[in-house]
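Read the structure below first, then the notes.
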Amino acid sequence: MSKERVTVCVPRCAPEDLPRVIGAAMAPYDYNRDTGPGVPDVETWWDYWQIDGRGCEFPVVPGTETVFKLTPSGNLKPWATGLTTILGLAFDNRDRMYVLETSNHAGPPTPGNGDIVRIDPSGARTTIVSGLTFPTGMTMGPDGNLWVSNQGFGPTIAGFGEILRISLN
């Protein structure tokens with residue numbers, strides 16, 4: 001049996017709407033299927049995270065965003081506070097969370113002020129990359145590196161955007 005871990009981020013919503021929002025977020029990854037010939041047997045662990053705070057509102061107010069974890073009992077628990085303009089979350093195989101902040105400077109979004117913060121299970125934080133310009137997405141690759149969409153918004157210049165590989169080794 002293969003094993004996998006799926007992490008789903010859901011938008012801010014009222015507590016009574018959470019089951020519907022989680023269901024909609026999970027739909028593309030529905031592994032509740034019958035096994036049979038040619039269908040792999042998969043054991044899946046689910047984590048649900050909710051990003052709360054100012055989201056896409058501007059101006060940027062540093063330290064106003066929080067990542068919540070949905071506990072097995074169905075409660076939202078603040079997991080990481082004091083973050084800014086969160087646009088992405090990723091996890092490594094050591095359960096460390098990587099938070100993509102598109103701009104951490106007060107005022108309007110500012111080029112060169114994006115970063116990636118690693119939060120260990122103990123809560124310890126390390127900024128692993130700084131100086132990003134308007135990063136808009138991030139994923140953990142099968143190679144164990146972070147892949148980041150940098151310069152994802154801003155001037156509409158051909159070739160302006162880029163994909164960065166962030167080595168974690």
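The values are calculated or read from the model by the stated rules, or taken from the named source; none is laboratory data. This structure is a prediction, so every number in the text was calculated from the model and none was measured. A quick note on method: Cβ atoms are made from the backbone with ideal geometry, for glycine too, and the neighbour counts reach across all protein chains shown.
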(message) For the range 37-69, which positions are over 29 Å from Asn113 (Cα atoms) and either of a type in the set (A, V, I, L, M) or at pLDDT 75 or above (or both)?
(response) Val39, Val42
(request) Considering each residue of the range 70-99, count those that are farther than 28 Å from Pro142 by Cβ and at pLDDT 90 or above, and give that number. (result) 3
(request) Would you check if Pro135 is touching a Leu at 6+ places or on another chain (Cβ under 6 Å) and not in a strand (DSSP E or B)? (result) yes
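Restricting the range 85-115 to residues that are within 17 Å of Arg165 (Cβ to Cβ) and touching a residue at least 40 places away in the same chain (Cβ under 8 Å), which is surrounded by the fewest Cβ atoms within 10 Å (Cβ to Cβ)?
In the first step, residues of the range 85-115 are kept if they are within 17 Å of Arg165 (Cβ to Cβ); the result is 88, 90, 92, 98, 100, 114-115.
Filter again for touching a residue at least 40 places away in the same chain (Cβ under 8 Å), leaving 88, 90, 92, 98, 100.
Working: Gly88: 20, Ala90: 21, Asp92: 14, Tyr98: 22, Leu100: 26.
So, considering only residues that are within 17 Å of Arg165 (Cβ to Cβ) and touching a residue at least 40 places away in the same chain (Cβ under 8 Å), the one surrounded by the fewest Cβ atoms within 10 Å (Cβ to Cβ) is Asp92.
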(message) For the list (1) in a strand (DSSP E or B); (2) out of contact with any Pro (no Cβ under 7 Å at 6 or more places or on another chain); (3) at pLDDT below 95; (4) of a type in the set (A, V, I, L, M, F, W, C), I need the number of the one condition that Ala158 fails.
(response) (1)
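If you check Ile163, Ile128, Ile119, which single one turns out to be surrounded by fewer than 18 Cβ atoms within 10 Å (Cβ to Cβ), within 29 Å of Lys77 (Cα to Cα) and without any contact (Cβ under 8 Å) to a residue 60 or more places away in the chain? So that I can check it myself, show each step before the final result.
Details: Ile163 fails: within 29 Å of Lys77 (Cα to Cα); Ile119 fails: surrounded by fewer than 18 Cβ atoms within 10 Å (Cβ to Cβ).
Going through Ile163, Ile128, Ile119 in turn, just one is surrounded by fewer than 18 Cβ atoms within 10 Å (Cβ to Cβ), within 29 Å of Lys77 (Cα to Cα) and without any contact (Cβ under 8 Å) to a residue 60 or more places away in the chain: Ile128.
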(message) If the requirement is being of a type outside the set (Ser, Thr, Tyr), in a loop (DSSP other than H, G, I, E, B) and touching a Pro at 6+ places or on another chain (Cβ under 6 Å), which of these qualifies: Asp95, Asp143?
(response) Asp95
